[in-house]
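Comments concern the structure below.
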Amino acid sequence: MSLAAALRDRKVRDVIAQAAVAVSLVALLVYFVRNASQNMVKAGIASGFDFLWRQAGIDIPFQLTGYTSASSILGLLWVGIVNTLLVSAVAIVAATVLGFAIGVARLSRNAMLSGIAGAYVEFARNIPLLFFVLIWYFGVVASLPAPRASLALFGVAFLNNRGLTMPLPNATGGFVWALLVLAAGIVAQVALLAVSRRRQARTGHALPLGLTGTLLVVALPMLALTVAAFGTGWDIPVLRGFNYRGGFVLVPEFVALFAALSTYTAAFVAEIVRAGILAVPGGQIEAAKAIGLRPGQILRLVTIPQAMRVMVPPLTSQYLNVVKNSSFGAAIAYPDVVSLFMGSALNNTGQAIEIVAITLALYLAISLAVSASMNAYNARTALVTR
Amino acid sequence: MNGADAGLVPFGPGQAEIASDGRVTIIGPRHGRRFARNLFGTPLDAAITLACAALLVWAAIPLLRWLVLDATVSGTTRDDCTGSGACWVFVRARFGQFMYGFYPQAERWRVDLAGALLVAVTASLAWPGLPGKRPLGLAALIVGPPLGVWLLHGGWSLRPVETREWGGLMLTVFLSVYGALLALPLGIVLALGRQSRLPVIRLIATIAIEFWRGVPIIAVLFLASLLLPLILPDGAGIDRLARAVIGLGLCIAAYMAEAVRGGLQALPPGQAEAAAALGLGYWRTTGLVILPQALRVSLPALTNEFIALVKNTSLVLIVSIFDLLGIAQAALADPAWVGKTWEAYAFAGVIYWLMCFGLSRWSLAVERRGRRGVRN
């Protein structure tokens, strides 16, 4: 085969094209790395990951990990990770609850209710999230009353312009027990569900699952929680001078970032919920009515399972967005991964490449984990087409 | 009885589009025609209606009073803010900054001219049925970007204006337009790469897309502002604003790639097969048959990504570039106007909202028109 003929062969051309792209990409990378190492030598920046064990020397106003300014930079990173996950988790829960309420309200046949819900969605999703963060921080939280005039929540928690001060239990053993009771209740309920399914298949009668569920998953754990709450002493915040002493303080940055993330994301969750419910064909509901299901059963057995199939993938990516968006806290100095590690630690050490790489790797790990589990869910619930 | 009575509009799957940022576009029959019956049909409905009305009265009336009725509009200094409502004097006094940042007063006509050109070109391109769109679009795409940079940045007989003096709305628009100019071609290339039959190219494109989609934009802006100067040869200083555009562009490109991929996957395989049967090669099949159709399908999703870009330009505040929101934030630090937080935010917010809402409505209108034109 001559060279000219070989160049016209599709397989040969494929290999050449791929090799060309790969080689030029590698060349570009090598060029960047060479420049970087030259520039770093010139600027006297160290390389390597030794800095992680160096003393951080940075005070963090809000941390849950026992970090002090004498801790290492690795400890600082850990504070950032915990803070990022904390605000994301709480905001995801709040955004889901708020978003489901708004999404269902938007589908209401009451024009007033659906109009208000629609107006909120159109308002929130056409404004930058940073705007929400700044408004909540500089507008709302900053204009809360001073500690002396705090808004008291049930007389034990206090909201003021220095954050939300909450009571803290002296011992947590009882709460662990309450959690165990909840876990046991869920296991028992799942077991009962299986028993009930088998019994319904055999006799046509189901067990009173609603009743057992309320008892096992709600009532008993609540009882355990109450026992735990009253069984231990509480460190209730008290006003001393100009501020509260004792208890646990959620800093204003946390309150503002949480409020911003949940009010912003709720609009997107609402749209996903609405799309999910609308995606269930009307014929499904008519068919369910025709075979005599009650409205509650239709919702539980027909609408929700089918709506979930549409809703779960975008909801997951929305939750992932919340984790990524929690980095907006950098704008108001909430100590998350980005502002602590890419901000403070980088200023102290100057090791930009290592710090950027670690931060990006963290976020990528979270993203990949979530999208892997989402793909698994999709594979399990995907519509089987025949 | 049918689904509509239960408050649900019968609706097949696939007609609700969900963008990567969760923005959902639903095209369907309008509900709520039976207005009065729905508002007071049952006691529950009546209660909901009354509760909503109470909420509206409670929220809207003070808001209206603050925004308009009790607001102060005339005057020049803080002492003129006598009303109990908003003091728009603040916004008027700062209007130039909100629009142009610290762009020199005498040169602001250049920004106006660039803005007018942008509006004129986009308006005529968006005009349905205007003849000669193709050459106009091509010319605008080739001449427009360098012309814009020249007008704003100066040089060649225009007085140079450093990018650090840019700011306000002009910077928001600049970042959005140039970010999109970078992101769209890159996104198309990445989407084609991800659909490629060559495994190495598919792998590279997939990794690139998943990487840029997986990291927060703030982190990317930090990355661009820290690492770009480091990886370029010594002495090749790169402008701060250019770094932000590159960072934003790379991130949005990955999202746009996914939007374009949606369009590519929506095309029936017969299109590519027919093109191959006519003897077209890869590039001509892609350029003449696949892309024109795929881009039309993915236009709504692309618009959503563009809206996300417009909203995310506000993040350049993090790397101390002052776009509209940044300028509003900076203006609050002025001791002469202390406490005018809400006025600044309300003004900036309304502008963002109008831009993004307008874009999303435009995209819906284009899509409706496209749907009408489809023949089966």
Taking 0.36 nm per intervening residue step and subtracting the Cα-Cα distance, what contour gain separates residue B:239 from residue B:40 on full extension? 65.5 nm
Looking only at other chains, what is the average number of their beta-carbon atoms within 10 angstrom of each beta-carbon in A:269-280? 5
Find the relative contact order for chain B and round it to a whole percent, using C-alpha pairs within less than 8 Å whose residues are 6+ positions apart. 17 percent
Quick check on chain B: take the gyration tensor over C-alpha atoms, sort the square-rooted eigenvalues as a ≥ b ≥ c, and tell me if it's rounded (a/c under 1.5), prolate or oblate. oblate
Hey, in the GNM for chain B with a 10 angstrom Cα cutoff, which one of B:40, B:95, B:347 fluctuates hardest? B:40
So for R0 = 60 Å, FRET eff. of residue A:34-residue A:179 from the Cβ-Cβ r, to 0.05, ends up at 0.65
Gap separating the Cα centres of region B:250-305 and region A:212-243, nearest whole Å: 57 Å
Can you name the helices of chain A, as whole DSSP H runs, whose Cα span along the helix axis is 15 Å or more and whose Kyte-Doolittle mean is not below 1.6? A:73-106, A:220-231
As straight-line cross-link partners of residue B:311, the qualifying lysines (C-alpha separation under 20 Å, not fewer than 8 residues apart within one chain) are A:324
Cβ neighbours within 10 Å from other chains - mean over A:26-36: 2
Computed helical MRE - 222 nm, chain B, DSSP H runs ≥ 4 contributing -39500 (n - 2.57), nearest 500: -21000 deg cm²/dmol
For region B:134-180 the chymotrypsin sites (Phe, Trp or Tyr not before Pro) that pass both the DSSP coil test and the at-most-16 other-Cβ-within-10 Å test are B:156
Which of A:54, A:106 has the fewest Cβ neighbours within 10 Å, and the rest in rising order: A:54, A:106
For the pair residue A:89 and residue A:14, what calculated FRET efficiency results from E = 1/(1 + (r/R0)^6), where r is the Cβ-Cβ distance and R0 = 41 Å, to the nearest 0.05? 0.30
For chain B, list the DSSP H helices whose alpha carbon atoms reach 15 Å or more along the long axis and whose average Kyte-Doolittle value is -1.0 or above? B:43-64, B:108-126, B:133-153, B:168-194, B:199-214, B:217-231, B:240-266, B:291-312, B:341-373
Modelled label-to-label distance, residue A:357 and residue B:276, 7 Å Cα→beta-carbon offset: nm? 4.2 nm
When chain A is treated as a Gaussian network with springs between alpha carbons less than 10 Å apart, the largest mean-square fluctuation among A:215, A:134, A:85 is found at A:215
What Cys residues in the protein assembly as shown have no fellow cysteine's beta-carbon under 4.7 angstrom? B:52, B:251, B:356
Residue B:296-residue B:147 pseudo-label distance in nm [points 7 Å out on the Cα-to-Cβ vector]: 2.8 nm
Determine the relative contact order of chain A: mean sequence separation of Cα pairs under 8 Å and six or more apart, normalised by residue count, in whole percent. 23 percent
Using the alpha-carbon centroid of each, what span in Å lies between region A:91-115 and region A:301-360? 25 Å
Shielding of B:246-252 by partners, i.e. mean partner chain Cβ atoms within 10 Å per residue? 0
Determine, for each peptide in A:315-324, B:223-232, B:117-126, the mean count of other beta carbons within 10 angstrom over its residues, then list the peptides with the highest first. A:315-324, B:223-232, B:117-126
Under 1.5 on a/c is rounded, so check that first for region A:3-44, then, if it is not, pick prolate when a/b is larger than b/c and oblate when it is not; a ≥ b ≥ c are the square roots of the alpha carbon gyration tensor eigenvalues. prolate
For the pair residue A:4 and residue A:49, the simple spin-label estimate (label points 7 Å beyond Cα toward Cβ) gives in nm 5.6 nm
Footprinting proxy, A:205, B:153: sorted fewest to most Cβ within 10 Å, the residues are A:205, B:153
Here the FRET efficiency for residue B:130 versus residue B:288, based on Cβ atoms and R0 = 25 Å and rounded to 0.05, is 0.65
Treat the count of other C-beta atoms within 10 Å as a stand-in for reagent exposure and order B:222, A:100 from fewest to most. A:100, B:222
For n ≥ 4 DSSP H runs only, could you compute -39500 (n - 2.57) per run for chain A, divide by its residues and tell me the 222 nm figure to the nearest 500? -20500 deg cm²/dmol
How high is the relative contact order of region B:127-232, in percent, with contacts defined as C-alpha pairs under 8 Å that are six or more residues apart? 11 percent
By the gyration tensor of its Cα atoms, with a ≥ b ≥ c the square roots of the eigenvalues, what is the shape of the protein assembly as shown: rounded for a/c under 1.5, prolate for a/b over b/c, or oblate? rounded
Only Cα pairs within less than 10 Å get springs; with that Gaussian network setup on chain A, which residue of A:12, A:133, A:280 has the largest fluctuation? A:12
Report, in whole Å, the centroid distance computed from the Cα atoms of region A:19-69 and region B:308-335. 28 Å
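Values quoted throughout were computed directly from the atomic coordinates according to the rules given, and no laboratory measurement underlies them. Keep in mind the model is a prediction, meaning the values are calculated, not measured. Note that we place each Cβ from the backbone using ideal geometry, even for glycine, and neighbour counts take in every protein chain shown.
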